[in-house]
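Notes for the one structure printed next.
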Amino acid sequence: MAAKERKLTVARAMAEAMSQEMRADEQVFVMGEDVGPLGGVFGNTRGLYEEFGKERVRDTPISETAFMGAAVGAAADGMRPIVELMFVDFFGVCFDAIYNLMAKNTYFSGGNINVPAVIMTSTGGGYSDGGQHSQCLYGTFAHLPGMKVVVPSNAFDAKGMLTAAIRDNSPVIYMFHKGLQGMGWLGTEAGATVNVPEEQYTVEIGKAATVSEGHDVTIVSLGMGVHHSLRAAALLQEKGVSAEVVDLRALVPLDRDHIFESVKKTGRLVVVDEDYQSYGVSGEVIASVVERDISILKAAPQRVAYPDIPIPFAHHMEQWALPNAEKIVSACLEVTHSDG
Amino acid sequence: MTDETAQAVRIPVDLWEEDVEAVITTWFVSGEAEVDQGDLLAEVMAEKIQFEIVAPASGILNIMVQQDELVEKGDTIATITVSSN
């Protein structure tokens, strides 16, 4: 008989990672808006308050400026805070603490002070929540040195990468897409709810994964985009095009070798990113290939990214702007036909 | 000789107070999977609050209402085939 299933949503996988690390290490604590009795607006801290109490699962006032600064101080003083920035869009009021203090203090102190903080923050749209609750901003955080940046696409990676992030002595930005959480009102991507071991494990930060193998074109994506890409790969298969899908999993460190090796095999590259197109992740992924060896390419790389506009509230306008499987199929057909 | 009986997996009529529809947000097990009594089977969301549905018996699950479909209190969303031999 097959082993019994143990599927978890990303939200439950995150809560399990935190609770297990909190049992193992009393320096770990959670802080943020509505992370306590409510269990987090995205469900990812459910059960923690009941088990660990208000000292270790701390509801904060609505002042990211204050609690992000407090987290940096606690981390520098030897604790291991996990702080929730409820929507990544709110980073503006606490960015000094993040990129001038958290990201740099290890360097400024000559390596004498670690800042082992985890900032978990929600990304992404698709459910008409407006332009200040729907952004990804992956590139904004990945651009700034001194922080690791991870973006899980499923519950297995969500647990393993959060465990790795909590144990990491560097600050880690843990960016989870709302549509992968298993919360119905945010739209639910069924492919993110996968089997998860109950015991603790880590997923190494900085290793990409090939989630579907192919030989005609490489689709590189992250987070929700991985699921759009897998749907696109299935549609392309019907058209006789074999697409390989690479899940970046981490933006810092970026697994450039993995990207390069896949594109070397297929000769073609399409990058799918729900963050804004210009000056961001998609350009960096393409640079990872063309800087190393342009001769492996059989066609110019293509991008399916968010257009450079503030995110619309209106349903039809937002859906028009988002990446989807159909856009990825079109881009892949363009690169696979352009050499023939 | 094996006797099989099917037990309904129902949404309790008192799971939430308001008279509103809900949606199945997650099935944690696949159809035809073996489940044990008390296992978490599904999450159902009403008015942005999620509720857990657990297995009322041990046996083989047969899902009748899929993820993202609407449900009401009292609905049968699956059956569990219980064998006693």
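The Rg/Rh ratio for the range A:247-318 is 1.04, where Rg is the radius of gyration of the alpha carbons and Rh is the Kirkwood radius. Could you give the angle, 0 to 90 degrees to the nearest 10, between helix A:256-266's Cα long axis and the longest principal axis of the Cα atoms of chain A? With both axes taken from Cα atoms, the answer is about 20 degrees.
Residue by residue, the range A:70-79 carries 3J(HN,Hα) couplings of 5, 5, 4, x, 5, 5, 5, 8, x, 8 Hz when phi is fed to the Karplus relation 6.51 cos²θ - 1.76 cosθ + 1.60 (θ = phi - 60°); x denotes Gly or Pro. The Cα atoms of the range A:218-340 give a gyration tensor whose axes a ≥ b ≥ c have a/c of 1.5 or more with a/b no greater than b/c, which makes the shape oblate. Shielding by partners for peptide A:115-128, expressed as the average number of C-beta atoms from other protein chains within 10 Å of each residue's C-beta, is 0. Averaged over peptide B:47-56, the number of partner chain Cβ atoms lying within 10 Å of each residue's Cβ comes to 2. Using 0.36 nm per residue and subtracting the Cα-Cα separation, the extra length available between A:PHE313 and A:ASP293 on full extension is 3.1 nm.
Amide H contacts for A:VAL252 (H built 1.01 Å from N in the peptide plane; partners 5 or more residues away or on another chain; cut-off under 5 Å): A:VAL149.
Highest mean packing first, where packing is the average number of other Cβ atoms within 10 Å per residue, the peptides A:254-265, A:38-49 line up as A:38-49, A:254-265. For the cross-link pairs A:LYS104/A:LYS207; A:LYS207/B:LYS48; A:LYS207/A:LYS265, which exceed 27 Å when the distance is taken from alpha carbon to alpha carbon? Beyond 27 Å: A:LYS207/B:LYS48. Structural descriptor for the range A:7-195: relative contact order 25 percent, calculated from alpha carbon pairs under 8 angstrom and at least 6 residues apart. Of interest is the spacing of the C-alpha centroids, which for the range A:119-133 and the range A:265-340 amounts to 21 Å.
For the range A:205-210, backbone phi angles converted through the Karplus equation (6.51, -1.76, 1.60; θ = phi - 60°) give residue-by-residue couplings of 6, x, 10, 6, 9, 7 Hz, Gly and Pro being listed as x. Rounded to the nearest 20, the Cβ-based charge dipole of chain A about its Cα centre (Lys and Arg +1, Asp and Glu -1) stands at 360 debye.
Once divided by 2.2 N^0.38 Å, the Cα radius of gyration of the range A:7-195 becomes 0.95. The range A:1-67 to the range A:171-247: how many Å between their Cα centroids? Cα centres, the range A:1-67 to the range A:171-247: 23 Å.
Taking the Cα centre of chain B as reference, the dipole from Cβ charges on Lys and Arg (+1) and Asp and Glu (-1) amounts to some 160 debye. Of all DSSP bridge pairs formed entirely within the protein assembly as shown, close to 50 percent run antiparallel. The fraction of all Cα pairs in the protein assembly as shown landing in successive 20 Å bins from 0 to the largest distance is 25, 54, 20, 1, given as whole percents. Among the GluC sites (Glu not before Pro) found in the range B:43-85, those both in a DSSP coil and sparsely packed, with 14 or fewer other Cβ atoms within 10 Å of their Cβ, are B:GLU47, B:GLU69, B:GLU72.
Read the figures in this text as sums done on the coordinates, not as results from a lab. What you see is a predicted model, and the numbers here were worked out from it, not measured in a lab. Positions of Cβ are generated from backbone atoms using ideal geometry, with glycine treated the same way; all protein chains shown enter the neighbour counts.
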